[in-house]
């Protein structure tokens with residue numbers, strides 16, 4: 001055998017293993033890339049179905065709240081219709097109508113789109129009504145064209161339960177455009193198709209909309225959805241186009257999501273790897289052609305790359321060898337390095353997403369635990385107080401103690417509700433500041449004086465250094481910042497500790513600092529102490545209490561005043577300090593102080609109380625009678641209007657949520673009567689937002705008071 005033949009044989013046998021290893025490595029990369037593509041598509045489908053379920057669940061909670069209506073529980077559908085109409089008007093989630101259905105037959109009993117007394121027509125998808133009643137759980141209907149709206153609609157249904165049985169099924173009719181908008185927001189390539197389908201494989205929403213206007217899925221998609229709850233497969237569209245399809249069915253709604261990706265898009269993503277196969281083949285032929293000189297230089301880097309290919313598929317490029325002088329090997333090395341980096345980045349994004357989900361779930365669990373604890377404590381105290389009232393009616397000392405307990409616990413629960421509503425308004429941007437020139441030192445002095453006179457500082461040493469520092473601010477919100485920071489210092493400082501309050505001006509800033517010698521904070525807690533529901537470590541007793549939202553409100557209020565807040569601590573057990581910095585202004589010109597109006601004695605008033613809740617009505621009437629007033633009561637708007645005309649009262653106290661007409665309508669009718677225009681109208685209601693106050697004043701009320709109403713505040717309003 002000649003040397004040439006031996007060299008050719010040597011090169012052949014040298015390059016053959018390299019070619020085999022290279023092709024094997026490239027095949028692994030092709031398969032891994034295909035799997036990555038599949039996983040990405042299925043993750044997108046899973047994310048969209050989670051978003052669709054969240055959208056549907058967004059209608060469940062309001063329906064469940066509406067299902068607890070006393071009118072609906074009592075079977076009074078005419079009274080409930082007014083409540084449902086108000087709920088529908090306030091809802092901004094795509095609701096078209098609200099239905100009440102019979103749980104035994106599925107027949108409609110009430111439809112807000114149909115006038116009272118008019119024929120209601122047949123129920124769309126009565127099976128979902130019967131299922132909600134049978135399972136006593138929310139269900140979602142199939143989509144159908146509404147007979148009144150002529151639009152594609154679906155129903156979210158919840159059972160109305162009484163004594164463990166469904167007495168009605170309450171449904172919200174939702175426009176499918178809410179789902180279509182959710183689909184339109186998905187960042188997908190233009191040639192990808194995505195569809196949301198109901199239980200009958202009818203399209204709820206899809207993008208893009210086919211030109212043939214088909215309403216139902218293709219046969220291949222129907223077969224795929226019937227065979228498995230989720231999957232990835234090759235298929236065809238209704239027009240015969242070949243695709244890859246990722247699909248999944250929701251366990252909650254039994255709706256399905258399908259994402260169709262053109263086969264060429266998947267194949268194009270793998271084209272570079274197929275070119276890699278050709279590059280290996282060319283390199284092998286080239287090695288045979290250039291003989292010995294390039295054999296070693298060619299075989300060594302390719303073999304090394306092939307050996308590193310499995311690690312590269314896992315995102316590990318640490319063992320990638322130098323590419324050498326050959327251009328092909330350099331390009332291969334760059335492509336593999338890029339692929340490894342993409343894998344690492346994808347895994348890192350997935351890890352961060354999973355961590356964010358775990359953090360959100362943990363925060364939710366912690367908040368629910370805190371809320372349950374904070375509500376059970378006052379409820380336990382109120383329950384004990386009620387038993388004491390029954391057992392010790394003739395013991396004045398115990399009655400006084402019970403009165404104090406009830407007052408404290410009601411105030412505590414009202415503060416919890418107010419805090420939850422307040423943080424919601426702040427987060428939604430619904431709080432508006434009413435700015436006026438304000439001396440921060442004077443505001444702090446007033447708050448400190450009030451707390452000191454109330455005995456809040458009796459167990460602590462309080463040191464204050466207050467220098468004039470003027471800001472443009474909302475007095476009520478600035479006092480809210482002060483009280484929250486002081487309350488935080490008191491909660492986390494044991495008895496005998498010291499609390500410092502300092503106000504000063506530094507250059508163009510007004511500075512408020514509140515420090516304490518209490519528990520202090522770790523660096524990890526400082527980094528997220530202003531986050532919602534975050535608190536320091538708590539024992540099972542949770543003696544300081546609270547929901548962890550006070551500092552979140554403080555931070556938002558300070559930022560609304562164009563200021564900043566900072567938390568500092570030297571560590572656990574070494575106290576903490578909160579510094580608020582606001583833009584300072586020059587002191588305004590002092591106006592002559594007017595004389596304070598003299599207080600007037602409370603006169604005996606003839607009053608009418610219109611309240612549908614018997615306990616609330618009788619208890620408030622008894623309190624006002626003890627104050628010496630003449631009190632008359634009415635359980636609804638119609639009888640309240642009759643009583644007002646007969647009595648000509650000095651004041652009328654009206655609950656907004658009345659069974660026959662709401663308080664706004666009653667106020668308008670009272671103001672329309674010339675004989676009653678001089679009466680003072682006061683709204684007593686659990687609806688306490690700024691919009692509720694605006695509606696009350698527009699309807700003719702003189703004042704709006706949120707429940708529970710403080711008796712001293714009510715007396716001041718009546719003066």
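Straightening the chain between residue 642 and residue 603 buys 11.6 nm, computed as 0.36 nm per residue apart minus the Cα-Cα spacing.
By the count of other C-beta atoms within 10 Å, a proxy for reagent exposure, 173, 448 are ordered fewest to most as 448, 173. Comparing Cα centroids, the range 129-163 and the range 35-74 end up 14 angstrom apart.
Counting other Cβ atoms within 10 Å as a rough exposure proxy, the listed residues 96, 196, 462 run 462, 96, 196 from fewest neighbours to most. Most tightly packed first, judged by the mean number of other beta-carbon atoms within 10 Å of their residues, the peptides 80-89, 579-588 read 80-89, 579-588.
Placing one identical point scatterer on every Cα of the range 188-269 and ignoring solvent, what is log10 I(q)/I(0) from the Debye formula at q = 0.19, 0.20 Å⁻¹? Listed by q, the Debye log ratios stand at -0.78, -0.87.
Treating r as the C-beta distance of residue 162 and residue 331 and R0 as 56 Å, the FRET efficiency rounds to 0.15. Between the range 455-499 and the range 200-251, how many Å separate their Cα centres? Centre-to-centre distance over Cα atoms comes out at 63 Å. The length gained on full extension between residue 687 and residue 661, counted as 0.36 nm times the residue separation minus their Cα-Cα distance, comes to 7.8 nm. By the count of other C-beta atoms within 10 Å, a proxy for reagent exposure, 457, 578 are ordered fewest to most as 457, 578. Distance between the pseudo-spin-label points of residue 354 and residue 20 (7 Å out from Cα toward the beta carbon): 3.7 nm.
Mind giving me the FRET efficiency for residue 212 and residue 433? R0 is 51 Å, r the Cβ-Cβ distance, nearest 0.05 is fine. With R0 = 51 Å, the Cβ-Cβ based efficiency is 0.35. Packing, as the average of other Cβ atoms within 10 Å across residues, places the peptides 341-347, 449-455 in the order 341-347, 449-455, highest first. Computing FRET efficiency as 1/(1 + (r/R0)^6) for residue 673 and residue 252, where r is the C-beta to C-beta distance and R0 is 60 Å, gives about 0.70. Here the extension length gained between residue 188 and residue 36 equals 53.1 nm, from 0.36 nm per residue of separation less the Cα-Cα distance. Using C-alpha pairs under 8 Å with a sequence gap of at least 6, the mean separation divided by the residue count of the range 606-718 gives a relative contact order of 23 percent.
No value in this document is a laboratory result; all are computed from the given coordinates. Bear in mind the structure is a predicted one, so any value in this text is a computation, not a measurement. Every residue, glycine as well, gets a Cβ built from its backbone with ideal geometry; the counts of neighbours run over all protein chains shown.
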